[in-house]
1. Against the definition (modelled with pLDDT under 95, of a type in the set (D, E, K, R) and either under 15 Å from Phe101 (Cα atoms) or exposed (fewer than 14 other Cβ atoms within 10 Å of the Cβ) (or both)), how does Asp10 come out, yes or no?
2. I'd like to check something: does segment 42-61 contain any residue that is of a type in the set (Asp, Glu) and out of contact with any Lys or Arg (no Cβ under 7 Å at 6 or more places or on another chain)?
3. Would you mind finding the one in Ala59, Ala48 that is among the aliphatic types (A, V, I, L, M), part of a helix (DSSP H, G or I), under 24 Å from Lys138 (Cα atoms) and out of contact with any strand residue (DSSP E or B) (no Cβ under 8 Å at 6 or more places or on another chain)?
4. Could you list, in sequence order, the residues of segment 21-64 that are β-branched (Val, Ile, Thr), free of Cβ contacts under 8 Å to residues at least 60 places away in the same chain and surrounded by 15 or more Cβ atoms within 10 Å (Cβ to Cβ)?
5. Could you check how many residues of segment 1-20 are in a loop (DSSP other than H, G, I, E, B) and without any contact (Cβ under 8 Å) to a residue 12 or more places away in the chain?
6. Out of the residues in segment 101-123 that are at pLDDT 95 or above and of a type in the set (A, V, I, L, M), which is farthest from Ala148 (Cα to Cα)?
7. Just checking: which of the strands (runs of 3 or more DSSP E) contained wholly in segment 71-154 hold 2 or more residues that are hydroxyl-bearing (Ser, Thr, Tyr), surrounded by fewer than 17 Cβ atoms within 10 Å (Cβ to Cβ) and without any contact (Cβ under 8 Å) to a residue 60 or more places away in the chain?
Amino acid sequence: MVDVGMLAPDTVFTTPEGNAGKASDYRGKSLILYFYPKDDTSGCTKEAQEFSALAPQFAKAGAVVVGISKDSEKSHSKFIVKYDLKVALGSDESGEVCDAFGVWVEKSMYGKKYMGIERSTFLIDTQGKVVRVWRKVKVPGHAADVLAAVAAEA
């Protein structure tokens, strides 16, 4: 499980364009990796919209935001277009990135247990070190909290 002070795992995700990406590609900038369960669901859409609304402020602070789920590149492309998202999305269909960051966990709904992505966010500094971790994220106001943390790290 990834925690504050560790180097971010350099596992590979795929962009909607089919390109490979990993944390080390963003060295020199702050990187926000936010993990979410599924494209085009209410909470995940709201979270992506909140990060998108603040995208100019993140960019001004020298930070890049990447949302990661196990959805396919095709699903991400549709999600981006449907909601005019302004943040990058990464596909982790294999689950390697989710496993490396410790966000693939047992969940429970209506008494039924299943495996899924725990909504989590990681702030990674310009050297690739994890400086903040948010787990079990509640969506309303979260993107603004992350932006404040980016500003505090600057």
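1. On the way: modelled with pLDDT under 95: yes; of a type in the set (D, E, K, R): yes; either under 15 Å from Phe101 (Cα atoms) or exposed (fewer than 14 other Cβ atoms within 10 Å of the Cβ) (or both): yes.
Here the answer is yes, as Asp10 does meet what is asked.
2. Step one: filter segment 42-61 for residues of a type in the set (Asp, Glu), giving 47, 50.
Retained after the next criterion (residues that are out of contact with any Lys or Arg (no Cβ under 7 Å at 6 or more places or on another chain)): 47, 50.
The answer is yes; a qualifying residue exists.
3. On the way: Ala48 fails: out of contact with any strand residue (DSSP E or B) (no Cβ under 8 Å at 6 or more places or on another chain).
Just a single option satisfies the conditions, and that option is Ala59.
4. In the first step, residues of segment 21-64 are kept if they are β-branched (Val, Ile, Thr); the result is 32, 41, 45, 64.
Subset that is free of Cβ contacts under 8 Å to residues at least 60 places away in the same chain: 41, 45, 64.
Selection gives Thr45, Val64.
5. As a first pass, look at segment 1-20 and keep what is in a loop (DSSP other than H, G, I, E, B): 1-6, 8-12, 15-19.
Narrowing further to those that are without any contact (Cβ under 8 Å) to a residue 12 or more places away in the chain: 19.
Qualifying residue count for the region: 1.
6. Ile117
7. On the way: elements: 88-91, 104-109, 112-117, 120-124, 130-134.
Once the strands (runs of 3 or more DSSP E) in segment 71-154 are filtered for at least 2 residues that are hydroxyl-bearing (Ser, Thr, Tyr), surrounded by fewer than 17 Cβ atoms within 10 Å (Cβ to Cβ) and without any contact (Cβ under 8 Å) to a residue 60 or more places away in the chain, nothing remains.
The values are calculated or read from the model by the stated rules, or taken from the named source; none is laboratory data. These numbers were taken from a predicted model, which means no experiment stands behind them. In this analysis, Cβ positions are derived from the backbone assuming ideal geometry, glycine residues included, and neighbour counts consider all displayed protein chains.
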